[in-house]
Amino acid sequence: MKKVLLMLSVLLSCGLFCACSSDSTESIDVYGTMNGNHEKQGEENENPTVVLGDINVLQVQSDNGDSEICLLDQPYYRGGYEELRLREDGSTYFVNHIIFTAFIRNSSLFDVLHIDIESGKIEDISGLKVGYTFESDKIRFEARDDSPVDGVVPVRVVPDYALGGQIQVVDKKIAADGKPYITLNIQNLKFYSSDLNRTFTLNATVDYEIDNNGYGENVDLEALLIPDEQLVFFMMDALNNENQGRHMLFSDGPEEQECLIINSEQEFQDAYKGDWQLPSINFKYCTLVIGRTYGEHGGISLGDYELIDNGDTYQLNLTLNNNVNPNYTYTLDHVNLYFWKLYPKMENKPVNFNSTTQDVNLDSLFNHHFR
């Protein structure tokens, strides 16, 4: 990352929230206003409804007792930069910043919520892990109205640290549209507006789209998560041998549930005990997850599985299929079941298994022991 000295007033050239109706009810039209009832020129009255507690819904409370529920539009991760600072002894050092922006439609006062987090040694979005929390002394932002009405001067909030509250990373995910997102929980974040002579408190849970995957370069993350032939054949060989008793990845203990979260080539090499050359995986952006569970008899096979981030731990939800086809017979009193998948970069945390069993009617269990 280039070390550049950037003026905060240039970087934080955005604004804050919209005025909406009172939060006396949980389902609120976004066209009510705190200080007036005008609409911005050129904006369509689509009259959307927002609900307190929903994703991308912002609650704004003022110290004069007013309260609003506002809709955040197109939240996205804007990027990162390094700020050059001067110590008292004259030496210099750099501070990393990570910036998030969310636009607001139909606001009578503000247009954009723009947050600048001092992230310490974390240089970009890839280093933000679920559970990380930033206190108010690491959070700065500026508020601005980019489209004043009838010549009214925009209300601004000078860039400064928040007066209280915090921001916590609560999720990182790939949505159904294939785009990566990071979810931030804004908790009682306070700031002062000198123009309005009021203190405001913000609360919201926001899904920010990660522009360019948050790494400052064009990366097709969805394509990286599709395993190539080399990886597919490698895992097929390793896990088939596991099932035949030649343990290449897991211990030789029967009826054990294990899950490997592999984040580097060295971790992959340390886990693998076979003779094949390791396949190529882009561990900068991807994590390889390999798991083993078991069935109590040979008629059990592996169904769906899902890995959920619970903060300090992961929960692995597994569905086991119990074959009730009367024409199928089995002789094994125990069967190992294996699965693997590439995920967007994730941290290594304990995994708790949660297994459920469902009856199915299958003609064969071929290839159902490996997923």
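The values are calculated or read from the model by the stated rules, or taken from the named source; none is laboratory data. If you're wondering where the values come from, they're calculated on a predicted model, not measured in any experiment. Note that we place each Cβ from the backbone using ideal geometry, even for glycine, and neighbour counts take in every protein chain shown. Areas reflect the complete protein model, heavy atoms only, side chains present, ligands, DNA and RNA absent. Shrake-Rupley method; radii C 1.70, N 1.55, O 1.52, S 1.80 Å.
Rounded to the nearest 0.05, the FRET efficiency derived from the C-beta distance between Glu118 and Tyr294 at R0 = 41 Å is 0.30.
Of the whole protein surface, Arg246 contributes about 110 Å² of accessible area at a 1.4 Å probe radius. Note on Thr356 and Glu306: their simple-model spin labels are 0.9 nm apart, each label 7 Å out from Cα toward Cβ. Modelled spin-label separation between Glu258 and Asp228, with each label point placed 7 Å from Cα along the Cα-to-Cβ direction: 2.8 nm. On the beta carbon distance between Arg246 and Glu267, with R0 = 22 Å, the FRET formula returns roughly 0.55. When the Cα gyration tensor is reduced to axis lengths a ≥ b ≥ c, the ratio a/c is 1.5 or higher for the range 244-314, and with a/b not above b/c it is classed as oblate.
Diffusion coefficient (Stokes-Einstein, Kirkwood radius over C-alpha pairs, 20 °C, 1.002 mPa s) for the range 279-360: 149 µm²/s, rounded to a whole number.
Pull out a ≥ b ≥ c, the square roots of the eigenvalues of the alpha-carbon gyration tensor of the range 57-108, then state rounded if a/c is under 1.5, prolate if not and a/b is larger than b/c, and oblate in the remaining case. Oblate shape, in that a/c is at least 1.5 and b/c is the bigger or equal ratio.
Computed extension length for Asp237-Leu84: 49.9 nm, one decimal, from 0.36 nm per residue of separation with the Cα-Cα distance subtracted. Local charge for Lys173 was computed over the other residues whose Cβ lies under 10 Å away, with Lys and Arg +1 and Asp and Glu -1, and equals -1. Ser62 sits among other residues whose Cβ lies under 9 Å from its own Cβ, and their net charge, with Lys and Arg +1 and Asp and Glu -1, is -2. Among the chymotrypsin sites (Phe, Trp or Tyr not before Pro) within the range 306-345, those in coil by DSSP and having at most 16 neighbouring Cβ atoms inside 10 Å are Tyr328, Tyr330. Database remark: amide H of Thr205 closer than 5 angstrom to the amide H of Asn56, Val57, Ile186 (H placed geometrically; neighbours at sequence offset of 5 or more, or on other chains; Pro and chain starts carry no H). Shown is the FRET efficiency for Asn327 and Val95, computed with R0 = 51 Å from the Cβ-Cβ distance and rounded to the nearest 0.05: 0.15. In plain terms, the chain from Ile174 to Asn282 could stretch by 37.2 nm, reckoned as 0.36 nm per residue minus the Cα-Cα distance.
In terms of its alpha-carbon gyration tensor, the range 237-282 comes out oblate; a/c meets the 1.5 threshold, while b/c is at least as large as a/b.
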